[in-house]
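The values are calculated or read from the model by the stated rules, or taken from the named source; none is laboratory data. For clarity, every value in this text was computed on a predicted model and none was experimentally measured. FYI the Cβ positions are ideal-geometry reconstructions off the backbone, even for glycines, and counts take in every protein chain you see. Areas reflect the complete protein model, heavy atoms only, side chains present, ligands, DNA and RNA absent. Shrake-Rupley method; radii C 1.70, N 1.55, O 1.52, S 1.80 Å.
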Amino acid sequence: MHHPQIAQRVFHTPLLAAPTKAAAFIMGLGPRLVGAEVEVVGAEASPEAFRRARASLLDERLEEGMRSGRLGAYRVRDGIAVIPVTGALIHRGGWIGNSSGQTSYEGLAAQIEMAASDGMVRGVALEIDSHGGEVAGCFSLADQIRELREKKPVWAFISDHAFSAAYAIASQATRIVMPRTGGAGSIGVICMHADKSALLEQMGVQVTVISAGAHKADGNPYAPLPESVRADLQAEMEQLRSIFAETVGAGRGAKLTAEAALATEARCLIGADAVEAGLADEIANPREAFEAFADDLYGRRPARPSTSAEGKSLMTDKTNPTPAPNADAPTPAPSADVPTTRAPAATMPAPAAPAATAPVPPAASEDPKARIQAILTSPEAEGREDLAKSFAFNSDIPSAEAIAHLSASPKAGAQQSLSASIDAEATDLDAPAPGASAAEPSMKDRMAARFN
């Protein structure tokens with residue numbers, strides 16, 4: 001058998017993979033593995049199964065950066081770590097991220113562990129596009145993600161497939177979002193047996209299997225599969241499917257119990273049907289849903305609506321809702337840490353020195369969402385929007401202190417937006433702009449002067 005290191009991952013081992021993907025793999029690499037054409041019985045390959053996996057849709061710079069070696073374990077946008085789960089999911093891979101169409105559970109586990117302890121990460125986005133992979137290592141990773149969401153919110157963005165092992169991972173997220181043409185499910189286990197006896201007979205080769213133990217040679221490829229061995233393998237698949245369903249139930253709770261997961265009978269559902277079955281929470285464009293995640297995380301204005309199976313708005317996270325303003329509701333009492341009224345920015349005198357600033361309470365005593373809102377909506381933020389965003393999202397200083405710094409800072413004219421500056425920083429900070437002279441400061445220097 002050619003390429004035994006690949007064949008051993010496919011034949012005679014349980015897989016959490018969509019049947020169409022398994023069929024596509026065998027049709028594509030089968031002749032190289034066994035030296036002859038392979039007939040697949042019981043599954044048909046789909047065109048999507050042959051498509052190359054993308055590293056990231058939410059952050060288009062991710063794939064280029066990881067391939068060039070410039071990036072670390074993950075990219076962070078708006079305090080959210082973007083972790084792609086793409087391609088075939090395998091056990092014992094030595095890399096982080098997608099490599100040759102494969103992503104290792106160990107690499108994902110390392111990324112999850114780093115995100116859990118990273119103080120700059122407030123939430124995690126799992127961008128999932130995979131037809132599944134191996135059983136080994138999958139459920140341990142699922143447990144790790146479920147533990148992470150107790151510390152930080154985890155949203156799963158399906159774009160466009162989360163089947164089998166990929167859905168086991170997605171099901172552990174706080175919330176699952178998918179496009180209307182995306183697919184989810186395949187809560188089942190598959191195992192393939194390769195019978196090479198007829199091929200070997202044509203080649204004039206006879207293989208004698210010598211083993212100790214009645215079941216040591218069960219499922220070997222040099223003889224047809226006995227019914228007793230088939231029954232044992234079937235029982236093993238059912239046992240693993242029960243573990244799969246229990247894992248999904250632990251992650252989805254009442255939205256999709258273990259019993260309901262088993263009742264899907266490993267069906268792959270699309271869009272609104274997946275939401276209706278409890279496999280996902282909403283239908284939305286992944287990019288817009290990501291912005292809604294950030295809005296919810298920082299208590300910004302309510303997210304734009306999305307499309308649900310019933311045509312209702314589902315964009316706001318029901319587990320951690322952000323209440324919309326209500327003109328009829330009574331105004332809550334102001335927090336002692338967050339001033340609610342201030343003089344206009346034009347009349348407020350700038351402090352002579354930082355020492356003249358009144359003492360401010362520690363950030364730990366201030367509600368994070370109230371702190372961010374106080375900074376961004378203060379009159380002092382007008383004309384200093386980029387600096388206000390930097391104080392709000394990239395620091396933990398109290399709102400009163402941030403507002404004092406804003407008041408003491410000059411207003412900016414037509415300046416580059418913060419997001420555009422981040423894009424520039426991630427690409428060519430030190431490269432001079434076209435037509436710029438060598439005497440002009442670099443983008444890196446200008447950024448440092450503006451924010452330091």
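Taking H placed 1.01 Å from N in the peptide plane, check which residues at least 5 places from Leu89 or on another chain put their amide H under 5 Å from its amide H.
Thr103, Gly132, Gly133, Glu134
Let me check I have the definition right: for region 207-279, take the eigenvalues of the Cα gyration tensor, multiply each by 5, take square roots. What are those semi-axes in whole Å, largest first? Write out the running numbers ahead of the final one.
On the way: eigenvalues 279, 36, 14 Å².
Working through the eigenvalues yields semi-axes of 37, 13, 8 Å.
If packing is taken as the mean number of other Cβ atoms within 10 Å per residue, what is the order of 261-271, 221-231, 128-138, highest first? If you can, show how the numbers build up before the last one.
Details: 261-271: 18.2, 221-231: 13.5, 128-138: 25.3.
Descending mean neighbour count gives 128-138, 261-271, 221-231.
Once Rh is set to the Kirkwood radius over Cα pairs, what Stokes-Einstein translational diffusion coefficient, in µm²/s, holds for region 104-210 at a temperature of 20 °C and a viscosity of 1.002 mPa s? If you can, show how the numbers build up before the last one.
Working: Rh = 15.9 Å.
The diffusion coefficient I find is 135 µm²/s.
Can you give me the accessible area per residue for region 196-249, using a 1.4 Å probe, in Å²? Walk me through the intermediate numbers first.
On the way: 3660 Å² over 54 residues.
Averaged over the residues of region 196-249, the accessible area is 68 Å².
What residues have an amide H closer than 5 Å to that of Ala173, excluding those fewer than 5 places away on the same chain, when H is modeled at 1.01 Å from N in the peptide plane?
Long-range HN contacts for Ala173: none found.
Ordered by residue, what ³J(HN,Hα) values in Hz, to whole numbers, does region 141-155 give under the Karplus form 6.51 cos²θ - 1.76 cosθ + 1.60, where θ = phi - 60° and Gly and Pro are x?
Karplus values, whole Hz, x for Gly and Pro: 5, 4, 4, 5, 5, 5, 5, 4, 5, 6, 9, 9, x, 10, 10.
What is the set of long-range amide H partners of Ile128 at a cut-off below 5 Å, with H atoms built 1.01 Å from backbone N?
The list, which skips near neighbours in sequence, is Val85, Phe157, Ile158, Ser159.
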